[in-house]
1. Could you pull out every residue, at least 5 positions away or on a different chain, whose amide H is within less than 5 Å of the one on Leu32? Hs are placed 1.01 Å off N in the peptide plane, and Pro or chain starts have none.
2. Name the trypsin sites (Lys or Arg not before Pro) in the range 125-176 that are in a loop by DSSP and that have at most 14 other C-beta atoms within 10 Å, would you?
3. Does a label point 7 Å from the Cα of Gln143, set along Cα-to-beta-carbon, have any residues of the range 120-135 with amide nitrogen under 20 Å, and which are they?
4. Using the Karplus equation 6.51 cos²θ - 1.76 cosθ + 1.60 (θ = phi - 60°), what ³J(HN,Hα) coupling, rounded to whole Hz, does each residue of the range 181-189 give in order, writing x for Gly and Pro?
Amino acid sequence: MDRLLSCECGQTHRASRSQAGQEIKCDCGKILPVPTLRGLSDLPLADAAPQEADAITSRQPSTAANRGARTASPGGWQGWRGITMALAMAGCLIASVACGWFSLQRWAVDTSYTVEMELENGNKGFDTLDPYALSSVWDAFGQVGLREKMYPNFYWAQLYAEQRVQFAQIAGGIAIGFAAIGLVIWLTTKKSKPLT
């Protein structure tokens, strides 16, 4: 159903649902913004009786400033705000899940075993050997050689845990960034709400 859109000059124009959010040029030269679908329902019906149209018009704000503020911008979550807010919240959710996943991986690794404990256990092992067995171990090292340096398993576990902490911190930072973007969009949406 078409609605009537009034200009300050007194002329009325038909506005259809397909024109919602667009502009209509009045014969006086003024550009009239057509309200969104929600705003169109506040306008009088084009096919309504003149008395009914006058009654609906009298309920609307009478000043041009209020009328302009009501229809000037598509309010709320329409346009770029809705899409950007949805993307920001999706990014925040994904980054939060990644942060939690990396944190769980980190806490699943036992990092209580340290280099000092490894040295202490090695010394205890050498202390239990008699001189002949110790000499045999030394001879084996002499024949085979020290070879390439190999890190023990606990070193790799600690390295893995440290990486998971770093990944969790990065994912947490990304989640906070997306949440901040969402907050800014929410605040700008609250400030740009059309006056009724």
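FYI, it's all coordinate maths here, none of it is from the lab. What you are looking at is a predicted structure, and each value in this text was computed from that prediction instead of being measured. Counting neighbours? That spans all protein chains shown, and the Cβs are built from the backbone with ideal geometry, glycine included.
1. Here Ile24, Lys25, Cys26 satisfy the definition.
2. Answer by residue number: Arg147, Lys149.
3. 129-135
4. So the J values, rounded to whole Hz, are 4, x, 5, 4, 5, 4, 5, 5, 5.
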